[in-house]
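A.B. asks: Supplied in structure tokens, the structure appears directly below.
The values are calculated or read from the model by the stated rules, or taken from the named source; none is laboratory data. From a predicted model like this one, the values you see are computed outputs, not experimental measurements. Note that we place each Cβ from the backbone using ideal geometry, even for glycine, and neighbour counts take in every protein chain shown.
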Amino acid sequence: MDTIKIAVREFRENLAGYLESDQPLAITRHGETLGFYIPAQKRSRTAELEAMRAAAKDLDKMIASWGSTEGELMDEYKQIQRSAARRSEVPSKALVVTPCIRPPARTNVFGLE
């Protein structure tokens, strides 16, 4: 696969697209090569799906070993979220008092009495 030369500005402006690409790039400024972008090998989509399915099966086994169901765990999680949200709420009519520290009074600009 041939390396494509692109300007640093173009690389910056189209970064998301280049990161998804599998094309190696030579990044240049004023015609001089600054560096190279060489994308890593992508895992196949099917390998990612298989890994996620295996993790889900392991999670199901773990939940079953606890003697619980997925629904019970979700209910407990939601209850924990609600109680955490209540603890972090600030009353809407709270009075906030901040101390005010004033400098000592002076008789003139130069601090002379």
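A.B. asks: Have a look at ALA51, ALA26 and point out the one that is of a type in the set (Gly, Ala, Ser), more than 27 Å from the chain's Cα centre (by Cα) and surrounded by 10 or more Cβ atoms within 10 Å (Cβ to Cβ).
C.D. replies: None of the other options fit; the residue is ALA26.
A.B. asks: Residues to consider are ARG102, ARG106, ARG43; find the one that is out of contact with any helix residue (DSSP H, G or I) (no Cβ under 8 Å at 6 or more places or on another chain), in a loop (DSSP other than H, G, I, E, B), among the basic types (Lys, Arg) and modelled with pLDDT under 55.
C.D. replies: ARG106 is the lone residue from the list that is out of contact with any helix residue (DSSP H, G or I) (no Cβ under 8 Å at 6 or more places or on another chain), in a loop (DSSP other than H, G, I, E, B), among the basic types (Lys, Arg) and modelled with pLDDT under 55.
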